[in-house]
Amino acid sequence: MKRSILITIAAALVFMALVVAVGPIPVLIGIIGITVVVAVLRFPLAGVYALIVLLPLNALISQVAPGAIGTAYGVLKDAVIGLLLIAALVNRRFNRAPTSIAVLVGLLVLLPLISGAFSPSLEQGLYGWRNDYEPLLLLVLVPAFVEGRHVRRMMGAVIVMAQVSSIIAIATWSRGVQWLLDIGRLPVPAGERFPTSLFSSGSLSPRAFSPYVAPNEMAAALLISLAVVWCAPGLRPSRRLALTVLPAVAILLSESRSGLFGGVILAAVLIARSLRKSSQLLSAGFLAVAGVATVAAAVLYIGGALEEETDTSFGGHAASLQEGLQQLVLHPLGMGLGVVGPRALQFETNYHVESFWLLIALESGPLVLVLFLVLLGTLAARATRSRTSAGFLAAAALSATVVSQIVLPTLQESPVSFLLWIVVGLAVVAQAQEKDDTPATEPLPGLARRRRAPRITTAVARS
């Protein structure tokens with residue numbers, strides 16, 4: 001007892017000394033950091049839940065909280081994914097992910113490091129790798145720790161955070177320009193760009209975007225969440241409709257064209273899935289419509305068919321994509337990690353492009369883009385063969401964001417990319433659970449023995 005009292009007193013004295021020496025906020029951050037390290041290494045599932053709950057608020061906390069707290073909150077997601085990586089290495093759980101996905105993720109994580117040789121600095125190169133390729137690790141880390149019985153609860157956490165995000169989006173949109181003053185996005189400091197992406201052409205009222213950094217990013221994240229709503233097992237249609245209302249309203253208030261395109265494609269893919277049992281022809285028809293819509297949207301943007309005189313936003317996107325394609329020819333080995341995309345604007349050497357696909361091709365070379373597209377195709381093919389709605393979730397989430405990926409750099413924003421790969425990782429776990437539930441000794445088609453019809457005795461027949 002005396003020893004415990006002495007240890008407690010000593011700990012209290014050390015704590016008070018640290019508070020006096022470095023201040024209460026750094027000490028608080030240190031305590032939180034130690035707690036996170038212990039919790040994630042001991043309970044890796046807590047790390048996945050933490051990402052689901054904390055990431056949607058990342059941009060809002062970074063804008064509202066004091067500098068040290070905002071910075072620590074932003075670094076928290078990287079700390080969690082690093083701790084999950086350590087836990088997976090220590091516990092040897094990397095073999096739980098499908099081999100094809102694990103190999104593609106490994107290549108996509110390691111090959112871009114070669115283009116880091118063209119980065120102006122090590123800091124910029126690591127920053128670019130962190131934004132564009134680090135989130136892909138979740139495709140391996142989620143299956144490493146999540147079991148089939150956890151999938152439904154994690155989907156529930158995604159749905160809850162989507163409702164919270166939608167409420168924040170609607171409430172902040174109702175404040176109009178005042179909200180931009182509250183969080184410090186206005187007035188614009190000298191030398192910085194006015195946030196034109198927060199306004200539609202000719203409008204004085206900002207688009208809905210909080211708690212995310214911008215409207216298109218919010219729309220992409222909420223579309224991923226809607227895919228979860230409609231693929232989560234065990235929900236009645238009435239509940240799915242009720243859970244769709246707030247995210248749908250928030251997407252409409254964001255005025256995101258890529259969000260509206262994604263919503264239409266998501267609806268077509270889900271309808272095709274529901275029709276598959278009754279009519280393969282109708283199902284294929286809906287999937288064809290979704291594919292044509294995706295290709296048409298991309299061609300209109302990239303080809304510049306929507307002229308700048310009609311809409312400056314559309315014209316700007318088309319011009320950026322056309323210039324990006326020209327630069328891709330000039331830089332076949334990539335410009336360097338951290339050089340391309342909106343996240344590179346804080347560095348002196350930067351290049352902006354309106355497409356995540358072009359972004360990774362310009363940054364790391366066309367081979368990395370090809371591997372990324374192969375990964376998307378592999379994930380979609382596995383999902384379409386799935387027998388359950390949870391397993392199909394990967395195809396739904398990817399289809400909802402594919403237009404955004406083609407015409408916008410939204411996946412460079414970590415709350416969007418982390419959410420997408422967590423959700424797809426949950427679908428991979430659900431697909432593995434389907435295999436585990438399949439009987440090992442199933443008779444081959446056509447080889448099952450027919451049961452002999454029972455003989456009807458004469459007495460029974462006469463009766």
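The values are calculated or read from the model by the stated rules, or taken from the named source; none is laboratory data. As the structure is a computational prediction, the values presented were derived from the model and not from experiment. Every residue, glycine among them, receives a Cβ derived from its backbone with ideal geometry; neighbour counts consider all protein chains shown. The accessibility values were calculated without ligands, DNA or RNA, using every heavy atom of the protein model including side chains. Shrake-Rupley method; radii C 1.70, N 1.55, O 1.52, S 1.80 Å.
Using R0 = 45 Å, the C-beta based FRET efficiency linking Leu186 and Gln327 works out to 0.90. Label-to-label distance for Arg236 and Val38 is 4.4 nm, based on points extended 7 Å past Cα in the beta-carbon direction. Highest average first, the peptides 172-178, 186-192, 347-353, 417-423 ordered by how many other beta carbon atoms sit within 10 Å of their residues are 417-423, 347-353, 172-178, 186-192. Taking a ≥ b ≥ c as the square roots of the eigenvalues of the alpha-carbon gyration tensor, the range 82-187 is classed oblate because a/c is 1.5 or more while a/b is no larger than b/c. Modelled spin labels at Arg92 and Leu107, positioned 7 Å past Cα toward Cβ, are 2.7 nm from each other. For the range 29-135, the carbon plus sulfur part of the accessible surface works out to 75%, probe radius 1.4 Å. Here the label points at Ala46 and Arg276, each 7 Å from Cα along the C-beta direction, are separated by 3.8 nm in the simple model. An ellipsoid equivalent to the range 138-204, defined through the eigenvalues of its Cα gyration tensor, has semi-axes of 38, 16, 10 Å when rounded to whole angstrom and sorted largest first. Overall dimensions of the range 156-276, expressed as equivalent-ellipsoid semi-axes from the Cα gyration tensor (√(5λ), whole Å, largest first), are 31, 15, 11. Amide H to amide H, with H built 1.01 Å from N, Ser200 comes under 5 Å of Arg207, counting only residues 5 or more places away or on other chains. Taking the Cα centroid of the range 257-273 and of the range 62-122, what is the distance between the two, rounded to the nearest whole Å? Centre-to-centre distance over Cα atoms comes out at 30 Å. Computed extension gain for Thr384 through Ile170, at 0.36 nm per residue and net of the alpha carbon distance, reaches 73.6 nm. Projecting the Cα atoms of Pro120, Gly202, Gly106 onto the charge dipole of the range 51-207 (Cβ charges, centred on the Cα centre) puts Gly106 farthest toward the positive pole. For the pair Thr244 and Arg153 in one chain, pulling the backbone fully straight at 0.36 nm per residue adds 30.9 nm over the alpha carbon distance.
Between the C-alpha center of the range 324-387 and that of the range 142-218 there is a gap of 24 Å.
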